[in-house]
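The values are calculated or read from the model by the stated rules, or taken from the named source; none is laboratory data. What you are looking at is a predicted structure, and each value in this text was computed from that prediction instead of being measured. Note: ideal-geometry Cβ built from the backbone for every residue, glycine included; neighbour counts use all protein chains shown. For accessibility, only protein heavy atoms count, side chains too; no ligands or nucleic acids. Shrake-Rupley method; radii C 1.70, N 1.55, O 1.52, S 1.80 Å.
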Amino acid sequence: MDSTMYSISQFAQKAGVSIRTLRYYDKKGLLTPTHFNSSGFRQYTDSDLSRLQYIIGLKFLGFTLDEIQILLQTGPTQLPEMLAQQKAMMITKRNQLDAIIRTMEDTEAFVQANPHDMQSIIKVIQAIPMEPINESLQKHLTPAQADSMKELVKSSYSSEALDKVMEYQWSNEDLQRRKQDYAQFRKELHRLTSIAADPTSADAQKLAALLDFMNERFSGGDPSIKRGMKNTWTGFQSLPDEQKEPAYHIPEEEVAFLKKAMTLYYKNKSLNG
C-alpha cells in the first residue's frame, strides 16, 4: 500500500502538470485520486503518479482522451494493436503533409515565374490535397482492419442503404459528438458489468436508451440502414480478433449484459409505443 500522500498542489508539482488538468482528468474518470482526507480534499499516491505518466505518454503518442479512457479500461493487452493503428494514422498524416508541402513548393515556384497570373495561381492552390473523407475511419484502423471493415460493411448493407449512408454529410461536430457518446456508452457499460449490475436496473435501462438513441441518430430511423447496422455488428463479432478494432471490441461478458438489457428495453418500448 502507498504510504506517501500528496495534496493536489504537491502532486501537480511532482508530476509537472497543472491543478486544472488533474481536476479535469478526475472529472473525465481518467485519474481519480486514491484517497480523500476528512475535509474532502484530494490525496494522491505514487500509484496515481504511475497512472498519470501512462496517460501523459499516450497523449504524447497522439491518442485522444476518449481513446486513452478505453485503453485504461481494457488494460495493456490492447496497447500493441492501438499503437499499430496510431502509427498507421501518423504515417497517413505524414504522407498527406509531404504531398501538401510538395504542392506548396510547386506553387512558390509558379508564383515566382508568373506573379501576375492570379487565375492560374488559384487553380494551383486548389489542387492542394485535402484530407480524405474516410480519415475518421483510418484514424482508428490499421490498413488490414480497414480493408476487413470495408468488406464487412459492403456485405452487410443493401446497395440502397449503403448509398444513403454514403450521402450523409457528417460535420466535425457530428463526428465528435458520436465519439463522445460512444466513449460514455463504453464507460458506463464497463462500470455496470464490473459491479455485476442487474440488466433490468434503472442504470442499465438508461444505458440501453443511450444505445438506442445513438443508433437512431446514425440511421435516421431508416429500417434498411438499421438492418445494415445489425448485420455489421453480427459480422464484426465473428471476425478473427486480429481483424477487430480494439476500441470497438466489447468483451463477451459486456455483450451478454448488453443483450439482456436491450431485450428488456425494446420489450418495454414496444409495449409503451
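Some points to look at:
- Any hit, the range 245-253, residues being open to solvent by 60 Å² or more (accessible area, probe 1.4 Å), over 19 Å from the mean Cα position of the chain (by Cα) and farther than 28 Å from A161 by Cα: yes
- Residue pairs meeting the criteria (Cβ under 6 Å; at least 6 apart or on separate chains; first at pLDDT below 85 and in a helix (DSSP H, G or I), in the range 229-256; second among the acidic types (D, E) and surrounded by 15 or more Cβ atoms within 10 Å (Cβ to Cβ)): P246/E81
- Residue count, the range 189-202 (criterion: part of a helix (DSSP H, G or I) and surrounded by 15 or more Cβ atoms within 10 Å (Cβ to Cβ)): 4
- The number of residues in the range 3-28 being in a loop (DSSP other than H, G, I, E, B) and loosely packed, with under 14 Cβ neighbours inside 10 Å comes to 4.
- Listed by first and then second residue, the pairs linking a residue in the range 58-72 that is closer than 13 Å to Q86 by Cα and of a type in the set (A, V, I, L, M) to a residue that is modelled with pLDDT under 80 and open to solvent by 40 Å² or more (accessible area, probe 1.4 Å), with Cβ atoms under 8 Å apart and 6 or more places separating them unless they lie on different chains, are L61/L83.
- Residue in the range 137-159 that is open to solvent by 40 Å² or more (accessible area, probe 1.4 Å), in contact with a helix residue (DSSP H, G or I) (Cβ under 8 Å, 6 or more places away or on another chain), at pLDDT below 80 and not in a helix (DSSP H, G or I) present: yes
- The C-beta contact set for the range 87-101 (first residue within 17 Å of F60 (Cβ to Cβ), second residue outside any helix (DSSP H, G or I), distance under 6 angstrom, 6+ apart or interchain) comprises M89/K139.
- Subset of the range 24-38 (residues that are touching a helix residue (DSSP H, G or I) at 6+ places or on another chain (Cβ under 9 Å) and farther than 16 Å from D66 by Cα): P33, T34
- Residue among S270, S219 that alone is open to solvent by less than 50 Å² (accessible area, probe 1.4 Å), over 28 Å from L83 (Cα atoms) and at pLDDT below 85: S219
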